[in-house]
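Trainee: Quick one: the structure is below, and I'll ask about it shortly.
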């Protein structure tokens, strides 16, 4: 596979995350914990890998998998998948039983938003990423039917939704290890929603998951963020009804 054949500007891939960064309060944007423009920080291409070449046997197998999952969706599963299109902490937690009450625990919400902005900065700083056509946009004899509502544009690889879910799960599990398994279960259902709607391929989700976890661990290892995180840890636990 020739890499140049599938490359596109990172800004196309990162539009949802960039929009999030722009919509984030100035107080959060003024806390740059990591200097992602330093390529030595994280080798993104190495972490993510590359998706199968279009029309390769591997790509066709992935398409068939997405087609099967999206075609078999029930109205109830479609409804959940549509709700999972939102990349917010509340949307992530809405898919699992928890004691967290939407609109409360301000510092927890701000901390997670700041972390997500860092994720956006990382993806935005990548100059060239693979340009992969989303499953529902592929022209085949049988086409994938996307979920109703807004359809994502830009490249399919990697999945920013999967990256966000992995980021949340890793950060929350550090403060609330008692719920780590439930957070991971939620990551799986949140990611699966992208297949249900025909928005991503499995390797898109795998790549996004890897990036989300790398960013979360890098943030927890960064002194300034760790100070903020430790200050917020009691509230995070309280948010889930734990001491």
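Trainee: Binning every alpha carbon pair distance of the range 77-235 at 10 Å from zero, what are the percents per bin?
Mentor: Calculated over all Cα pairs of the range 77-235, the distribution is 10, 39, 34, 14, 2, 0 percent.
Trainee: So how much slack lies between residue 224 and residue 137, counting 0.36 nm per residue of separation and subtracting their Cα-Cα distance, in nm?
Mentor: On the way: separation 87, 0.36 × 87 = 31.32 nm, distance 4.24 nm.
Here the segment from residue 224 to residue 137 would lengthen by 27.1 nm.
Trainee: Testing the spin-label approximation: label points 7 Å from Cα along Cα→Cβ at residue 217 and residue 72. State their distance in nm.
Mentor: Placing both labels 7 Å beyond Cα along the Cβ direction yields 3.2 nm.
Trainee: Decide, for the range 70-163, between rounded, prolate and oblate: order the square roots of the alpha carbon gyration tensor eigenvalues as a ≥ b ≥ c, take rounded if a/c falls under 1.5, and otherwise choose prolate if a/b is larger than b/c, else oblate. Can you show the working numbers first?
Mentor: On the way: a/c = 3.59, a/b = 1.27, b/c = 2.82.
Judged from the Cα gyration tensor, the range 70-163 comes out oblate (a/c at least 1.5, b/c at or above a/b).
A short reminder: the numbers here are calculations on the coordinates, not readings from a lab. Since the structure is predicted, the reported quantities are computational estimates derived from the model, not experimental observations. All Cβ positions, even for glycine, are placed from backbone atoms using ideal geometry, and neighbour counts span all protein chains on display.
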